[in-house]
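A short write-up of the structure that comes next.
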Amino acid sequence: MQIRLSTTELEIEGQPGILYGGEFQYFRIPATLWEESLRQLAEAQINFISCYIPWIWHEYEEGQYDFTGQTVPERDLERFLSLVESHDLALIVRPGPYVYGEYQGFGIPDWLRQKHPEILIVYETGLTSNEIALNHPVFLSYTRRWLEAVTHYLRPRLDNGRIIACQLDNETGLPQYGGVAYAGDFNPHTVESYHLWLRRYYPSIEHLNRIWHSSFEQFEEIEPPRKSAFAAVPFRQWAAFIEDYLVHYLESLKQMVRSLGVQCLLYLNDPYLCQWPNNSSKKARLALTGYDIYSKFTTDSESTHDVPFGISFAPEFYRSLNPQRLLMGVEVGSGWFDPRVKIRKEAFLQNGMVALLRGMRVLNWYLLHDCVETDGIPWVFQSPLDKDGQPVDRYPVMQEIGGFIQNHAPLLAQSEILQSPIGLLKYIPQGRDFLKSNFNVWSALDMMDNALCHFSGLTAMHGVLLESGYNPVVHDLERISLQELEALDVVFLASTNLMERDMYQKLVYYVENGGTLVSFGSPVATDLQGEPYAHNPLFPAKPYGHGNKLQYGTNTVLSQVALDIMDYQMMRRSISHKLSLHTLDMMHPFVEFTKYVGKSGAWIETERAEPFWASRFASFWQGGGISPVLRQPDGATVGYSKRLGRGRLYFLGTLPGLFFDTPGYYTIEPDKKQSVLRFFGQLLKENGLSPLVEGVPHTEVILRQTPEGSLIAGLINRGPAQEVTLTLNMMQPFQRVETLFLSHPETDRIEKARYQRLKGFLSKDAVAVVHLL
């Protein structure tokens with residue numbers, strides 16, 4: 001199989017194609033299963049295998065390498081690569097140095113930590129973390145030695161093109177900082193790097209003192225932030241420094257790998273939420289950056305996904321971070337490893353098909369095969385093949401998707417997604433404000449509201465717009481150009497209380513020149529240096545008294561979360577795979593919160609006196625020449641609009657449709673959901689925007705246009721079985737409908753109806769793809 005892959009192009013056998021495969025962790029799978037399991041995976045019509053190559057596994061003692069199975073068969077990397085090659089599968093390698101993956105040492109050898117404790121992150125107490133200060137020269141020198149060793153064994157397959165891509169590290173920053181509540185590093189080398197960074201950022205120490213309201217005499221006096229002396233501005237600067245510190249480390253890895261003669265595609269990966277310290281926008285300037293998404297991680301038994309529209313938002317956001325590059329799903333979750341969580345095959349189906357319909361060119365399932373650790377303890381991920389190599393219910397689904405790709409990859413690869421002139425703007429620096437040490441219960445609740453706005457607000461709005469028949473584009477506010485911004489008629493912003501002045505002025509320019517800005521959450525009040533916006537044209541209203549905010553359902557949510565946390569603490573003792581606890585413990589409070597918070601809210605009303613469900617909270621505003629668009633029953637304004645220049649701004653003091661990004665989506669009462677859809681449908685039509693399609697309940701419609709002008713329509717049903725009628729609001733005549741994919745061919749159908757419409761039947765959680773000719 002001939003594959004030509006770069007950051008911008010992918011051809012398979014001379015045709016535009018799609019890479020479809022997944023992660024096979026040979027070092028955790030009995031070597032006796034490799035051959036048969038790879039055969040079954042090849043029969044599922046995958047065309048590549050990816051694999052971590054853990055440093056800790058192959059350099060088991062300093063200077064002692066085993067790549068040929070001399071010590072244990074599962075170290076026989078040579079045999080494994082040969083078996084992959086025998087099935088004519090391409091290879092994507094992930095040699096670290098970090099692999100994470102709930103694996104021993106996260107891939108870093110224990111002997112290295114023991115011999116060189118000076119490379120470890122140091123807490124303010126003087127105690128050391130188990131994780132590495134990544135730019136420490138000792139660590140980088142050992143890393144180069146490891147990469148030299150593994151590259152030597154990979155060389156023949158690098159040279160003959162069997163290895164088509166190499167990942168640098170894994171989710172860089174998450175192992176080091178993702179599991180801590182406060183992220184200072186007092187390692188002397190890191191502190192020295194921080195001082196150098198500050199010198200580049202500030203022209204002088206006097207300038208820094210003015211911004212920080214401090215009195216340092218020299219940069220070398222400045223420490224990383226401490227819990228006991230928290231200040232917002234210094235911490236934001238530290239957070240920005242760590243983002244740049246991680247990029248510098250990745251740049252060092254890239255230079256190492258290139259200097260070793262590795263010329264294949266190099267890429268990075270991050271969790272799709274882009275939570276601190278994973279600033280994917282910065283990383284994408286260095287290399288193509290793909291995303292990781294796991295859509296089901298709670299014990300909620302009624303939800304197919306816990307982030308129903310996260311699977312649609314993620315590819316759009318990462319396409320914007322990688323303009324003119326291939327879209328890459330580095331870890332598209334096939335399951336999850338919490339033994340309490342059950343992943344349905346329908347979740348697997350929708351994860352894959354939505355990604356493909358949204359333009360993904362490299363789809364890497366994580367995992368393909370459940371595992372067994374060297375101590376005999378299973379690591380069950382609910383993969384297509386279980387720990388014994390036996391297919392489970394999602395294996396035939398993987399095979400069906402593989403057949404769809406096999407038959408239609410060139411058609412998909414050469415088509416373009418159709419989108420509405422509507423933008424969703426993500427502002428990544430907001431995330432630096434969610435790590436604090438000096439908060440009480442009430443400030444913690446406010447911080448949680450801001451975090452929900454930042455992480456879930458735009459994804460939920462994406463769901464609202466998709467179910468209304470629109471297909472918005474997603475952009476990073478810091479990277480979008482004025483030209484790209486001006487091409488959008490309406491943009492949505494999930495707003496917290498801070499924004500850099502350059503970004504603020506970009507939005508002012510957009511509105512004054514005829515654009516419409518819809519913000520929701522909390523109004524911007526200060527810049528990143530803590531200076532207030534005395535003149536605040538984007539948020540002109542003032543708070544309605546001192547207690548201008550009501551939070552809904554707090555006691556109920558906290559009570560339920562407390563009960564779930566106690567249940568988890570009892571249950572975690574029975575989890576045999578102890579390395580999983582790092583991730584489960586880190587995620588657990590947030591996971592339980594999402595199960596309940598999405599359904600909390602209260603009824604308010606629109607300016608038409610129509611009901612509107614306000615999720616999580618409502619804040620109240622007055623003055624500034626505003627016109628109310630949402631109000632409490634007592635008349636207090638919750639949302640307003642105002643003209644600014646030739647454009648218009650809206651601010652909504654709530655989290656509209658939050659349940660679209662939580663398990664609550666599947667059980668929310670229909671009237672609450674419909675109230676949100678009706679409000680935004682009217683708002684957009686009042687601003688001159690018609691939907692691409694007339695919305696179908698519970699159904700996302702993705703339209704792609706081929707070079708010849710025909711349309712591909714993908715329908716994703718996130719609700720119960722239903723008859724569907726789909727009206728296309730486009731002058732795009734078609735004569736017949738060709739079915740490309742039906743997840744339930746025995747019952748489902750999509751066919752042509754009169755007047756540019758489609759009709760048919762979709763089963764619960766079904767996916768259908770048709771070609772309109």
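Hey, does segment 122-138 have a residue that's under 30 Å from the mean Cα position of the chain (by Cα), in contact (Cβ under 8 Å) with a residue 24 or more places away in the chain and part of a helix (DSSP H, G or I)? Scanning segment 122-138 turns up no residue that is under 30 Å from the mean Cα position of the chain (by Cα), in contact (Cβ under 8 Å) with a residue 24 or more places away in the chain and part of a helix (DSSP H, G or I).
Checked against (1) farther than 30 Å from Tyr291 by Cα; (2) touching a helix residue (DSSP H, G or I) at 6+ places or on another chain (Cβ under 7 Å); (3) open to solvent by 20 Å² or more (accessible area, probe 1.4 Å), Gly178 passes all but a single condition, namely (1). The residues on offer are Leu38, Leu19, and the sole one that is aliphatic (A, V, I, L, M), buried (at least 23 other Cβ atoms within 10 Å of the Cβ) and free of Cβ contacts under 8 Å to residues at least 60 places away in the same chain is Leu38.
Per this entry, Leu477 is not counted among residues that are on the phi < 0 side of the Ramachandran plot, open to solvent by 20 Å² or more (accessible area, probe 1.4 Å) and free of Cβ contacts under 8 Å to residues at least 60 places away in the same chain. Of the residues making up segment 75-103, those that are in contact with a Phe, Trp or Tyr (Cβ under 9 Å, 6 or more places away or on another chain) and among the acidic types (Asp, Glu) are Asp76, Glu78, Glu102.
If you go through segment 338-386 and keep only what is assigned to a strand (DSSP E or B) and within 16 Å of Pro30 (Cα to Cα), you end up with His369, Cys371, Val372, Pro378, Trp379, Leu385.
Just to be sure before I move on: is Leu286 out of contact with any His (no Cβ under 9 Å at 6 or more places or on another chain) and closer than 26 Å to Leu584 by Cα in the structure I sent? In short, no.
Let's see how each residue does on (1) in the same structural domain as Ala460 (by the TED database); (2) open to solvent by 10 Å² or more (accessible area, probe 1.4 Å); (3) more than 21 Å from Asp661 (Cβ to Cβ):
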residue: His698; (1), (2), (3): no, yes, no
residue: Val701; (1), (2), (3): no, yes, no
residue: Ser710; (1), (2), (3): no, yes, yes
residue: Arg718; (1), (2), (3): no, no, no
residue: Ala721; (1), (2), (3): no, yes, yes
residue: Met731; (1), (2), (3): no, yes, yes
residue: Gln735; (1), (2), (3): no, yes, yes
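Cβ-Cβ contacts under 6 Å between residues 6 or more apart (or on different chains), taken from a first residue in segment 416-428 that is farther than 16 Å from Ile480 by Cα to a second residue that is surrounded by 21 or more Cβ atoms within 10 Å (Cβ to Cβ), are listed as Ile417/Arg704; Leu418/Leu703; Gln419/Asn471; Gln419/Val473; Ser420/Tyr470; Ser420/Asn471; Ser420/Pro472. Number of residues in segment 12-49 that are farther than 15 Å from Asp88 by Cα and touching a Gly at 6+ places or on another chain (Cβ under 6 Å): the value is 1.
Is there a residue in segment 183-201 that is small (Gly, Ala, Ser), farther than 18 Å from Val233 by Cβ and open to solvent by 20 Å² or more (accessible area, probe 1.4 Å)? Yes; the residues of segment 183-201 include at least one that is small (Gly, Ala, Ser), farther than 18 Å from Val233 by Cβ and open to solvent by 20 Å² or more (accessible area, probe 1.4 Å).
Can you tell me which residues in segment 549-577 are farther than 29 Å from Ile377 by Cβ and either touching a strand residue (DSSP E or B) at 6+ places or on another chain (Cβ under 6 Å) or open to solvent by less than 30 Å² (accessible area, probe 1.4 Å) (or both)? The answer is Lys549, Leu550, Gln551, Tyr552, Thr554, Val557, Val561. Contact map, segment 220-241: residues that are in contact (Cβ under 8 Å) with a residue 60 or more places away in the chain and farther than 13 Å from Thr190 by Cβ paired with residues that are surrounded by fewer than 19 Cβ atoms within 10 Å (Cβ to Cβ) and small (Gly, Ala, Ser), Cβ distance under 7 Å, separation 6+ or inter-chain. Pairs shown: Lys227/Ser437; Phe230/Ser437; Ala232/Gly530; Val233/Gly530.
Tally the residues that are open to solvent by 40 Å² or more (accessible area, probe 1.4 Å) and without any contact (Cβ under 8 Å) to a residue 60 or more places away in the chain, restricting the search to segment 75-87. Qualifying residue count for the region: 4.
Quick one: which of Glu206, Glu217 is more than 28 Å from Leu286 (Cα to Cα) and not in a helix (DSSP H, G or I)? Checking each option against the conditions leaves just Glu217. If we scan segment 455-471, do we find a residue that is open to solvent by 30 Å² or more (accessible area, probe 1.4 Å), under 30 Å from Leu740 (Cα atoms), part of a loop (DSSP other than H, G, I, E, B) and at pLDDT 95 or above? Checking segment 455-471: not a single residue is open to solvent by 30 Å² or more (accessible area, probe 1.4 Å), under 30 Å from Leu740 (Cα atoms), part of a loop (DSSP other than H, G, I, E, B) and at pLDDT 95 or above. Filtering segment 1-34 to residues that are among the small types (Gly, Ala, Ser) and more than 22 Å from Gly359 (Cβ to Cβ) leaves only Ala31.
The condition (being within 26 Å of Gly352 (Cβ to Cβ), modelled with pLDDT of 95 or more and assigned to a strand (DSSP E or B)) is satisfied by just one residue among Ser50, Ser37: Ser50. Restricting attention to segment 502-512, does a residue exist that is part of a helix (DSSP H, G or I) and either touching a Lys or Arg at 6+ places or on another chain (Cβ under 8 Å) or not assigned by the TED database to the domain that holds Thr654 (or both)? Scanning segment 502-512 turns up at least one residue that is part of a helix (DSSP H, G or I) and either touching a Lys or Arg at 6+ places or on another chain (Cβ under 8 Å) or not assigned by the TED database to the domain that holds Thr654 (or both).
Restricted to segment 587-646, and to residues there that are in a strand (DSSP E or B) and among the aromatic types (Phe, Trp, Tyr), the residue that is surrounded by the fewest Cβ atoms within 10 Å (Cβ to Cβ) is Trp603. Among the numbered conditions (1) open to solvent by 20 Å² or more (accessible area, probe 1.4 Å); (2) within 30 Å of Ala713 (Cβ to Cβ), the only one that Phe317 does not meet is (1).
Filtered by the rule that a residue be out of contact with any Leu (no Cβ under 7 Å at 6 or more places or on another chain), farther than 27 Å from Gly402 by Cα and open to solvent by 20 Å² or more (accessible area, probe 1.4 Å), segment 743-760 gives Arg754, Tyr755. Show the residue pairs that are 6+ apart or on different chains and have beta-carbon atoms under 7 Å apart, the first residue being within segment 756-772 and assigned by the TED database to the domain that holds Ala713 and at positive phi, the second being part of a strand (DSSP E or B) and of a type in the set (Lys, Arg). Partner pairs satisfying both residue conditions: Gly760/Arg749. All of (1) open to solvent by 10 Å² or more (accessible area, probe 1.4 Å); (2) closer than 30 Å to Gly161 by Cβ; (3) among the aliphatic types (A, V, I, L, M) hold for Leu273 with one exception: (2). Might you check whether a residue that is of a type in the set (Asp, Glu) and in a loop (DSSP other than H, G, I, E, B) occurs anywhere in segment 185-200? The answer is yes; a qualifying residue exists.
The values are calculated or read from the model by the stated rules, or taken from the named source; none is laboratory data. All values reported here derive from a predicted model rather than from experimental measurement. When we count neighbours, we look across all protein chains shown, and the Cβ atoms used for this are built from the backbone with ideal geometry, even at glycine. The protein model used for the area step is the full one, side chains on, heavy atoms only, and it has no ligands, DNA or RNA in it. Shrake-Rupley method; radii C 1.70, N 1.55, O 1.52, S 1.80 Å.
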